[in-house]
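As structure tokens, the structure follows; a few thoughts come after it.
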Amino acid sequence: MDAKTVKHGGSTQRLARAASRVRDGKVQRASVSGAVDARGEMCTSITRRKISDADRAEAIRLFHAGTYVKDIASSLRVTKTSVRKILHDAGVASPPRRMTEAEIKDAARRYENGESLARLGERFGYSPGTVRSKIVRAGVEMRPSSVPRSL
């Protein structure tokens, strides 16, 4: 792959030319992940674009329907941060809150007494991964997983 830098809308973008060819009017490419433009060039950065009022309304509608922020971002082709900002600006959702020291200590104590990360996440209103990272940082040693992982 060779790379080139181009100017676009006042910002510099780096594009990588993917090994591609056009067949029957469609871009054919090897198993290279990422967006490919009409010229067969792979875009390695997201192009900033103005989010329309229709996209804002759709983000809010999808959020109210229970769609995850990451899925909304994917469907609208914007970042999760952009979706969170749209929701916050509309008064729909506030920025995520952080676990307090008291919550972390309580979660650590409960985990050490046998409560699961999933249950702790539900109890405190965070994802199990957030609870895990906070209590590990507080010095708690994780129990072995009850579900064997395949290699």
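Couple of notes before you dig in:
- The residue of the range 90-140 that is nearest to residue 57 (Cα to Cα), among those that are in a loop (DSSP other than H, G, I, E, B) and of a type in the set (Ser, Thr, Tyr), is 94.
- Taken over the range 83-103, the criterion of being at pLDDT below 85 and of a type in the set (Ser, Thr, Tyr) is satisfied by 94 alone.
- Complete set of residues in the range 77-119 that are polar (S, T, N, Q) and within 24 Å of the chain's Cα centre (by Cα): 79, 81, 82, 94, 100
- Taking the criterion of being within 16 Å of residue 105 (Cβ to Cβ) and either modelled with pLDDT of 95 or more or in contact with a helix residue (DSSP H, G or I) (Cβ under 6 Å, 6 or more places away or on another chain) (or both), the residues of the range 122-135 that qualify are 124, 131, 132, 133, 134, 135.
- If the condition is being outside any loop (DSSP other than H, G, I, E, B) and charged (D, E, K, R), then the range 77-89 contributes 80, 84, 85, 89.
- Test: residue in the range 85-95 that is within 18 Å of residue 52 (Cα to Cα) and of a type in the set (D, E, K, R): yes
The values are calculated or read from the model by the stated rules, or taken from the named source; none is laboratory data. These numbers were taken from a predicted model, which means no experiment stands behind them. All Cβ positions, glycine included, derive from the backbone under ideal geometry; neighbour counts span all protein chains shown.
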